[in-house]
1. Scan the range 119-134 and tell me whether some residue there is of a type outside the set (Lys, Arg) and free of Cβ contacts under 8 Å to residues at least 24 places away in the same chain.
2. What are the pairs with Cβ atoms under 6 angstrom where one residue, in the range 168-181, is farther than 22 Å from Ala118 by Cα and the other, located anywhere, is among the hydrophobic types (A, V, I, L, M, F, W, C) and in a loop (DSSP other than H, G, I, E, B)? Sequence gap at least six, or different chains.
3. Which of the numbered conditions does Ser50 fail, given that it passes all the others? Conditions: (1) open to solvent by 30 Å² or more (accessible area, probe 1.4 Å); (2) in a loop (DSSP other than H, G, I, E, B); (3) in contact (Cβ under 8 Å) with a residue 60 or more places away in the chain.
4. Looking at (1) buried (at least 18 other Cβ atoms within 10 Å of the Cβ); (2) in contact with a helix residue (DSSP H, G or I) (Cβ under 9 Å, 6 or more places away or on another chain); (3) assigned to a loop (DSSP other than H, G, I, E, B), which one does Phe224 not meet, given that it meets all the others?
5. Out of the residues in the range 132-166 that are among the polar types (S, T, N, Q) and open to solvent by 50 Å² or more (accessible area, probe 1.4 Å), state the one that is farthest from Cys265 (Cα to Cα).
6. Would you say Thr220 is of a type in the set (Ser, Thr, Tyr) and within 20 Å of Gln122 (Cβ to Cβ)?
7. Exactly one condition in (1) touching a Leu at 6+ places or on another chain (Cβ under 6 Å); (2) farther than 30 Å from Val88 by Cα; (3) surrounded by 22 or more Cβ atoms within 10 Å (Cβ to Cβ) is false for Ala253; which is it?
8. Look at Ala118 and say whether it is under 23 Å from Gln259 (Cβ atoms), open to solvent by 10 Å² or more (accessible area, probe 1.4 Å), among the aliphatic types (A, V, I, L, M) and at pLDDT 95 or above.
Amino acid sequence: MMLKVAKLGIAIAAVLAWIVPAAYAGVPDVAQSFYVPQRGTVGTPIEGASAASFFRMCPNNDGGTSSPNNARIKVVVRDVNGNGIQGVAAADICLLFNGGTSLQSFSGVGADSVIANAQFNQTPLCPDVRCVQADDQTDATGTAYITFTGATAGSPGIGTRNAFRKWGHYDTEIPVFVLGFKLSGRLTTVSANGTYTLQIKNYDSTGGLGAAMNVGEAVTSADFSAIANNIGLVNAFTWWRDFDGTNSTTSAAFSQISQHVTHDCDTPNNP
């Protein structure tokens, strides 16, 4: 009898030894999963600082110098064994926004100074954006892409404008979540976790953070003046007014914002 019990115990232990790793195989491991800034083609992407320098947005998401050159992040989802997790749904892979600021009574674990709500931006009406989701589900290697302007059906990592993907302002960190797990960034695929934090600059860099109505998600004369009056200067806001990775406010930034002045949620494109 005791021999049978011992054999049964061994059998149960063997089954558990197989089941437990299998159970964890579909769960993202944050130590091995990551995201990376990219632009250009998917086959021969540009990564690192030269990709992140293209991470800039107009609140109309109108293209041109807004999220150009397929600006995106690559997301790699791996389990505790280092294997890619295939089939994670696009809607479960997000750039996460709270929607607004604490002064506007928004809260959560998303970006808290990105403005993406209809509550305070009704004229023109702006979309409520909380999850900027992946272009498609993860592939056999556990890889997916979030292309900022919007996804192209059948071509993950290539951008097509999504008319309901609009936001204003910026944040020091735009967190990336997969199945509720917050991922770390890498500057390049071969870098270490924690070497990069996602930031997306915005031509709307002033206003819209308080409780005043209809002043967010728009490129105004104040945004234009913030560039025009600070060319060549370096101060606390220079980083957010540097639209081309030169670490200064330049004539190039002036040229870029000139293409977006007066843009908002229904101008030039509605929606």
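1. Yes, some residue in the range 119-134 is of a type outside the set (Lys, Arg) and free of Cβ contacts under 8 Å to residues at least 24 places away in the same chain.
2. Close Cβ pairs (under 6 Å, with a partner that is among the hydrophobic types (A, V, I, L, M, F, W, C) and in a loop (DSSP other than H, G, I, E, B)) amount to Val176/Leu183; Val178/Val77; Phe181/Val30.
3. Condition not satisfied by Ser50: (2).
4. (3)
5. So the first thing to find is which residues in the range 132-166 are among the polar types (S, T, N, Q), and the list is 133, 137-138, 141, 143, 147, 149, 152, 155, 160, 162.
Checking the rest, the ones that are also open to solvent by 50 Å² or more (accessible area, probe 1.4 Å) come to 133, 137, 141, 160, 162.
Details: Gln133: 20, Gln137: 28, Thr141: 37, Thr160: 17, Asn162: 12 Å.
Ranking the candidates gives Thr141 first.
6. Numbers: of a type in the set (Ser, Thr, Tyr): yes; within 20 Å of Gln122 (Cβ to Cβ): yes.
For Thr220, the condition - of a type in the set (Ser, Thr, Tyr) and within 20 Å of Gln122 (Cβ to Cβ) - is met.
7. All conditions are met except number (1).
8. Numbers: under 23 Å from Gln259 (Cβ atoms): no; open to solvent by 10 Å² or more (accessible area, probe 1.4 Å): yes; among the aliphatic types (A, V, I, L, M): yes; at pLDDT 95 or above: yes.
No; evaluated as a whole, the condition is false for this residue.
The values are calculated or read from the model by the stated rules, or taken from the named source; none is laboratory data. Since this is a predicted model, take the numbers as computed values, not measurements. In this analysis, Cβ positions are derived from the backbone assuming ideal geometry, glycine residues included, and neighbour counts consider all displayed protein chains. Areas reflect the complete protein model, heavy atoms only, side chains present, ligands, DNA and RNA absent. Shrake-Rupley method; radii C 1.70, N 1.55, O 1.52, S 1.80 Å.
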